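What follows is a short report on a single structure.
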Number of protein chains: 4
Amino acid sequence: MDIKEVKKNAREKMKGFCNVCNECNGIWCAGKVPGMGGCGTGDSFKRNYNKLKRIRLILKTIHSAKNPILETSLWGEKLSFPGIIAPITGASYNFGNAVNEKEYANNVINGAVDAGTIGMVGDGGDPTYLELGLKAIKKAGGKGVAIIKPRDNEEIIKRIKMAEEAGAVAVGIDIDGAGLLTMALYNQPVGPKSFKDLKTLVDSTDLPFIVKGILSVEEAKLCQRAGVDTIVVSNHGGRVLDDTLAPCEVLNEIVKEVGYKVNILVDGAARNGGDILKYLALGAKGVLIGRPIIWGAVGGGQEGVKIILEQFKNELYKNMILTGCEETTNISPRIIHEFILD
Amino acid sequence: MDIKEVKKNAREKMKGFCNVCNECNGIWCAGKVPGMGGCGTGDSFKRNYNKLKRIRLILKTIHSAKNPILETSLWGEKLSFPGIIAPITGASYNFGNAVNEKEYANNVINGAVDAGTIGMVGDGGDPTYLELGLKAIKKAGGKGVAIIKPRDNEEIIKRIKMAEEAGAVAVGIDIDGAGLLTMALYNQPVGPKSFKDLKTLVDSTDLPFIVKGILSVEEAKLCQRAGVDTIVVSNHGGRVLDDTLAPCEVLNEIVKEVGYKVNILVDGAARNGGDILKYLALGAKGVLIGRPIIWGAVGGGQEGVKIILEQFKNELYKNMILTGCEETTNISPRIIHEFILD
Amino acid sequence: MDIKEVKKNAREKMKGFCNVCNECNGIWCAGKVPGMGGCGTGDSFKRNYNKLKRIRLILKTIHSAKNPILETSLWGEKLSFPGIIAPITGASYNFGNAVNEKEYANNVINGAVDAGTIGMVGDGGDPTYLELGLKAIKKAGGKGVAIIKPRDNEEIIKRIKMAEEAGAVAVGIDIDGAGLLTMALYNQPVGPKSFKDLKTLVDSTDLPFIVKGILSVEEAKLCQRAGVDTIVVSNHGGRVLDDTLAPCEVLNEIVKEVGYKVNILVDGAARNGGDILKYLALGAKGVLIGRPIIWGAVGGGQEGVKIILEQFKNELYKNMILTGCEETTNISPRIIHEFILD
Amino acid sequence: MDIKEVKKNAREKMKGFCNVCNECNGIWCAGKVPGMGGCGTGDSFKRNYNKLKRIRLILKTIHSAKNPILETSLWGEKLSFPGIIAPITGASYNFGNAVNEKEYANNVINGAVDAGTIGMVGDGGDPTYLELGLKAIKKAGGKGVAIIKPRDNEEIIKRIKMAEEAGAVAVGIDIDGAGLLTMALYNQPVGPKSFKDLKTLVDSTDLPFIVKGILSVEEAKLCQRAGVDTIVVSNHGGRVLDDTLAPCEVLNEIVKEVGYKVNILVDGAARNGGDILKYLALGAKGVLIGRPIIWGAVGGGQEGVKIILEQFKNELYKNMILTGCEETTNISPRIIHEFILD
């Protein structure tokens, strides 16, 4: 199996849900939530892609970076490269059950391990989703991260304990899920968190605590003050609020303000190794990969996930040669030329 | 009936007039006046949409705005949210008589009441249009606003009296109708108003007087000096002059200059609750809704109008949660990032 | 006959040459020289359209300009409005001989007279073209202007004399025809003019001398020093050099430098009365109209030309009302908001 | 045979590989590497085209440049104009073997000689490619340049000697080929060069040494310090790294820094004589021509290559007249108006 086959399979199996476009830019799937697209006009998704795309890489070939080193570490784990699988659930309504919820969780967690990195599992309107994810993590000896919806604090803390029992490496919430009003219909209400709420959550566990869904310096600072270990700069793939800024537009400012104390990851339209490199140059310690992983899992199962991740690694390796970067842990901001703001 | 059904019905019934596009951006219907589009190349309509779309909402979820309050008031009336129905006539030539003029007026006025807000009725080349609108207002116990074309002053004043008799909450003119040269062919001449003309009109009634169609600080100040109660920043949906600025480009400047003394509403390409929120952040006290209401009335009658308005409310509620806004009457300008000017 | 019919006829008769698009923006016909398009990629033509389109008109309706005055004068002639017909030849290869060269010249000159304004006739690789144009002018009692290609000076002067004999109101050269290398194949060489060459031409006649094809302040100043009466800011409809600036980008700067001593006209993508108004606001004394006149002549002959010009007048009249302009000879630069430069 | 026929032939013979589009802008062929497109999303190729296209030529016709001189010289050779054929190999996988590798090399070298200029030959995964190119150069009495892939230094030096024996005018490397990881699969590894590596290469030959693939001032300076004779500012036609800057964006800065000591050529989306003129105005001494030459060789063999080059010359000549340029060796930067950066 190679990447072409994986994508071809995925395209067939996800018909009507995802077109696996040559440029995965949010146009074909605009508004498809549930589904694979961005909400409303899809503009937040499209912007994630377009603004990241506009950043230029500075081609350099007179240097000695002949064999770049990709390895990094996060939460005490060694990673083969700074690519992490984003938390995704809802296989049935988001990608037409081309794989089921359990298979998806296993493919992601195990595929990540096979590629020497780590995956995240998510939460949803159906509480069994998170349970399936945690089982996958437990089976993989704890090699995984659990991201819980912004439920009532006691509900979250109950699930943090479940993640601890599964041996997860880290735990957190995707706080930008606060607007998922439909979850209340399933008796699973979610909402924003006050600073105090957030601090309570951080203090409830010894695991590194992650807040996913930060898009402003102001909220990044609140996370730092609350003792958060890791922020994921993200707009939820453009799926919760139309017309937001893109992660790449605010990432560097957040890194400058709190990056010395908090791990900053980023999530948004990473489609290849070049995108990883751009985000590292903007100051991220790691990059979440979302939609391409779905193609991997649907088109090739656990092996497909690994193939996608290896492709990212190969591209990252080549692009580091072509920009003169020796180590992913020490990428110069000078390898990019920014054309981010309008 | 739900919103999908309303739109589906509308699309069928308005065939050739309106495509009820996923993005109602003025492309499909460019130049269709009469019809649903903008005049000429449709550029004023397109700009209304595009410039508003470019404004970014700042996603925030670490806060306490868990149950935002949408209510506001205008002209002494309590409104369930700051969305008001724009004055529209010409059912036969603008949307193919999919509903007739009388039905449209009733649907709009009653649908607005059902959703806890208020509708406006308009005037046209056929003088019976305004009469049908005023009848609808009277039947609804006065819950409505009458907007008269910029006819000769005595003709306007005659109609102001009719509106008073119908019990209308407020009355005014859409002064940007001054270029409707075809109205002269029906013996209904219109034209611009001198400052003195305008003052005469304001002084002719005790009702709050509205001037719709202001796009510059200069004319906003003239309105204030003439004693106007409410300005509607508008370019008439892009239907009277090609290549104007968009309301969202001039709104904030006008609010800063005269907003402390005059009510500032805005009209232009509001398609969902997020657009309402953007306009509130730019300083508007309320937002007129136009084309989506036509879909509601055509696709579902009075109930359809209500469904559209409820949809706006739900989106506004969700977006207030995701930007940390507690009350529509106190929206911070800091929730948006502006990319308005080229 | 009305404007719709004229355009419909033109679209049929010019099949393959001109699509008479809703937006005449240079896309359909890109590269069609000979034909109706811009040369090369058509980018100079497209830019003429796009940059002019981006200029915004400031909507104003609180004022007293209820009956704007359109009249102006040029070269001692009274014109019903500041719209002048551009010099065009090559009916056979440019628009498929839908009208022949002689008919075209007569339609243009007479149609202009019928609409109370004036037309220009042009020159070409076939020397009879100019002769047909001059005959049309003579028959119209001299109501016309002759524009000669930048041939050798003695050839030009010979033709200036012919224009004098025809009684033409003014005479000049389209100096940007200097690159028409194919004219040499017909033994009609053209080329650039030195300052001295130009001065000789100006001094050879008592008629007002026009230089068409100026796009820089530097060359506008040379014209002024040479005693030129009238400059036409133009890039030849984008037909001689790909990737130039657009007339509207340089017009105002030229007006500021030499407008107090030289008449400044402009030529480029004027499609309606709003475009005339924009150019007047940028400082032009008059505006050449090109492609729409071809539609008029092809689709309706002399009457078609008149219909097109009347349409421009009606639009100009309406737009003056909607921007508060009382006289075409005194248009404020403040009625536009410029978004010209990238 | 004329240029239309050449292109028509090429379009037929390259079906599926190249569409010979009216605007060769990298859209149709995006991602087709191998093939004719740019790698990844094709954005580097597209940017080469778009950014160069945005540069405006200042139309001027009041001057004395009636017979512009196109000749220039490079590496001691007189050239009929500053257009040079870019090094291209891989006829089978890049353009479907419409001509074979040997024919292509001969067409390019001989067609260039016929047009009074010079061609480059390239290197590839198959080592016979360079050999065929060198044979073509030898047969043409040395009128050609050899560009070698960035192999291990000893492999390069071996090939430099081969080029010397063939009598080549100059020799060099396309250093941006450093990321062609697939070449290692054929036992032909390539990679970046340290400054010392580069100096060794320069010192290994008395021929003028060329480094092709520089996109930054920093690396241009390293080349100068290493004694490089000629830099080619290039991103390899957008075929090695997605999302780079375009040559025209960095060219002028590089010229200003090192142009007084090093010959600066440029390579990127030159499609006509106007593009040559723009690059000369930005400070280049010569311009490589790539894809249009392939059309020439495929569509008309040696004669087709000559026809393409003559077309470039004619356009350059005409455009020099229309911008007032007398000599290609002395083009003023003031003939362009730059809109390069976003």
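Structure values in brief
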{"item": "Selected residue (criterion: nearest to residue A:39 (Cα to Cα)) from residues of region B:24-40 that are open to solvent by 20 Å² or more (accessible area, probe 1.4 Å) and away from chain A (no Cβ under 14 Å)", "result": "B:28"}
{"item": "Qualifying positions in region C:235-267 - among the hydroxyl-bearing types (Ser, Thr, Tyr) and in contact with a Leu (Cβ under 7 Å, 6 or more places away or on another chain)", "result": "C:244"}
{"item": "Whichever residue in region A:168-179 is outside any loop (DSSP other than H, G, I, E, B) and more than 14 Å from chain B (Cβ to nearest Cβ) and, among such residues, is farthest from residue A:199 (Cα to Cα)", "result": "A:170"}
{"item": "Test: residue in region C:320-340 that is at pLDDT 95 or above, under 18 Å from residue B:41 (Cα atoms) and either among the basic types (Lys, Arg) or under 19 Å from the mean Cα position of the chain (by Cα) (or both)", "result": "no"}
{"item": "Residue within region C:143-151 that is open to solvent by less than 50 Å² (accessible area, probe 1.4 Å) and either within 12 Å of another protein chain (Cβ to nearest Cβ) or at pLDDT below 95 (or both) present", "result": "yes"}
{"item": "Residues satisfying the stated conditions in region A:90-105, i.e. of a type outside the set (S, T, N, Q) and free of Cβ contacts under 8 Å to residues at least 24 places away in the same chain", "result": "A:91"}
{"item": "Selection from region A:216-236 of residues that are touching a helix residue (DSSP H, G or I) at 6+ places or on another chain (Cβ under 6 Å), open to solvent by 10 Å² or more (accessible area, probe 1.4 Å) and closer than 20 Å to residue A:46 by Cα", "result": "A:236"}
{"item": "The lone exception for residue D:37 - which of (1) part of a loop (DSSP other than H, G, I, E, B); (2) more than 25 Å from residue D:215 (Cβ to Cβ); (3) at pLDDT 95 or above it fails", "result": "(2)"}
{"item": "Filter pass, residue A:20 being at pLDDT 95 or above, under 25 Å from residue A:113 (Cβ atoms) and in a loop (DSSP other than H, G, I, E, B)", "result": "yes"}
{"item": "Residue D:73 vs. criteria open to solvent by 40 Å² or more (accessible area, probe 1.4 Å), among the hydroxyl-bearing types (Ser, Thr, Tyr) and more than 7 Å from chain C (Cβ to nearest Cβ)", "result": "yes"}
{"item": "Which numbered condition residue A:269 fails, given (1) within 18 Å of residue A:120 (Cβ to Cβ); (2) of a type in the set (A, V, I, L, M); (3) surrounded by fewer than 24 Cβ atoms within 10 Å (Cβ to Cβ)", "result": "(3)"}
{"item": "Cβ pairs under 8 Å, 6+ apart, first in region A:46-63 and within 7 Å of chain D (Cβ to nearest Cβ) and closer than 14 Å to residue D:193 by Cβ, second open to solvent by less than 10 Å² (accessible area, probe 1.4 Å) and of a type in the set (S, T, N, Q)", "result": "A:59/A:323; A:59/D:235; A:59/D:244; A:60/A:323"}
{"item": "Conditions (1) farther than 20 Å from residue B:171 by Cβ; (2) in contact with a helix residue (DSSP H, G or I) (Cβ under 6 Å, 6 or more places away or on another chain); (3) aliphatic (A, V, I, L, M): number failed by residue B:118", "result": "(1)"}
{"item": "Residues within region D:85-97 that are of a type in the set (A, V, I, L, M, F, W, C) and open to solvent by 30 Å² or more (accessible area, probe 1.4 Å), tallied", "result": "1"}
{"item": "Qualifying residue in region C:128-144 (condition: free of Cβ contacts under 8 Å to residues at least 24 places away in the same chain and of a type in the set (D, E, K, R))", "result": "no"}
{"item": "Complete set of residues in region C:186-209 that are touching a residue at least 12 places away in the same chain (Cβ under 8 Å), part of a helix (DSSP H, G or I) and open to solvent by 10 Å² or more (accessible area, probe 1.4 Å)", "result": "C:195, C:197, C:199, C:200, C:202, C:203"}
{"item": "Some residue of region C:87-95 being closer than 27 Å to residue C:157 by Cα and in contact with a strand residue (DSSP E or B) (Cβ under 8 Å, 6 or more places away or on another chain)", "result": "yes"}
{"item": "Among residues of region D:85-138, those that are in contact with a Ser or Thr (Cβ under 7 Å, 6 or more places away or on another chain) and of a type in the set (A, V, I, L, M), counted", "result": "1"}
{"item": "Residues of region D:211-222 that turn out to be within 13 Å of residue D:267 (Cα to Cα) and among the hydrophobic types (A, V, I, L, M, F, W, C), as a count", "result": "3"}
{"item": "Residues of region A:152-188 classified as within 22 Å of residue A:119 (Cβ to Cβ) and of a type in the set (D, E, K, R), total", "result": "6"}
{"item": "Qualifying positions in region C:293-330 - at positive phi and either crowded, with 24+ Cβ neighbours inside 10 Å or within 13 Å of another protein chain (Cβ to nearest Cβ) (or both)", "result": "C:324"}
{"item": "Filtered residues of region C:1-15 (kept if assigned to a loop (DSSP other than H, G, I, E, B), at pLDDT 95 or above and surrounded by fewer than 20 Cβ atoms within 10 Å (Cβ to Cβ))", "result": "C:2, C:15"}
{"item": "Among the candidates C:108, C:113, residue that is open to solvent by 20 Å² or more (accessible area, probe 1.4 Å) and of a type in the set (A, V, I, L, M, F, W, C)", "result": "C:113"}
{"item": "Positions within region C:18-32 being touching a Cys at 6+ places or on another chain (Cβ under 8 Å) and closer than 23 Å to residue C:303 by Cβ, in sequence order", "result": "C:18, C:19"}
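The values are calculated or read from the model by the stated rules, or taken from the named source; none is laboratory data. The shown structure was predicted, so the numbers you read here are calculated from the model rather than taken from an experiment. Backbone-built Cβ (ideal geometry, glycine too); neighbour counts: all protein chains shown. Surface accessibility is based on the protein's heavy atoms, side chains included, excluding ligands, DNA and RNA. Shrake-Rupley method; radii C 1.70, N 1.55, O 1.52, S 1.80 Å.
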